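Step one of this worksheet: look at the structure below.
Each reported figure results from applying straightforward, stated rules to the coordinates on display, with no laboratory input. Not measured: the values here are computed from a predicted model.
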Amino acid sequence: MPSEKRDYVLIDSATDEEVLWLDSKLSFVGDKWQIRDPESEEVIVTIESQSKLAAIARNIHAVFGIIPHKYDIETADGEKIGSIEGQLSLKDRYDVEVDDTGDLSREAIIAAAMVIDAIEGN
């Protein structure tokens, strides 16, 4: 039986099944998200801020919010499988690269990245 301990849940609207759990570990020096499998509850991917300095600047004053966000995407084993790089623009624009994900759904990882952007209000 799945745990009730999770921050956010991605649900397939066609089947009403939980696809991914998103757990946030936000701090003054950067953001880290653990993407977990709802059946096994295991971390399958981590999405973490690349720049601690940019995160600190964003937390000091809202004017630094224009600094584009950059994240690394890693497997639970620490293998980098992709990145998310924000572009300086008036609207949200990101380059999302995801390498071979093996058994992991590439589409689900990209969807998680977009949900994280919306949650963080970037």
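What the phi angles of segment 20-25 give under the Karplus curve with 6.51, -1.76 and 1.60, with θ = phi - 60°, is a coupling list of 9, 10, 10, 10, 9, 10 Hz, glycine and proline written as x. Karplus-based coupling profile of segment 100-114, in residue order and whole Hz: 4, 9, x, 7, 6, 6, 4, 5, 5, 5, 5, 4, 4, 4, 5, with θ = phi - 60° in 6.51 cos²θ - 1.76 cosθ + 1.60 and x standing for Gly or Pro. In order along segment 72-80, the Karplus-derived 3J(HN,Hα) couplings, from 6.51 cos²θ - 1.76 cosθ + 1.60 at θ = phi - 60°, round to 9, 10, 10, 6, 4, 7, x, 7, 6 Hz, and Gly and Pro are given as x.
In straight-distance terms, cross-link reach from residue 52 covers every one of the aspartates and glutamates whose alpha-carbon lies under 19 Å from its own, apart from those fewer than eight places away in the same chain; here that gives 31, 72, 74, 85, 117, 120.
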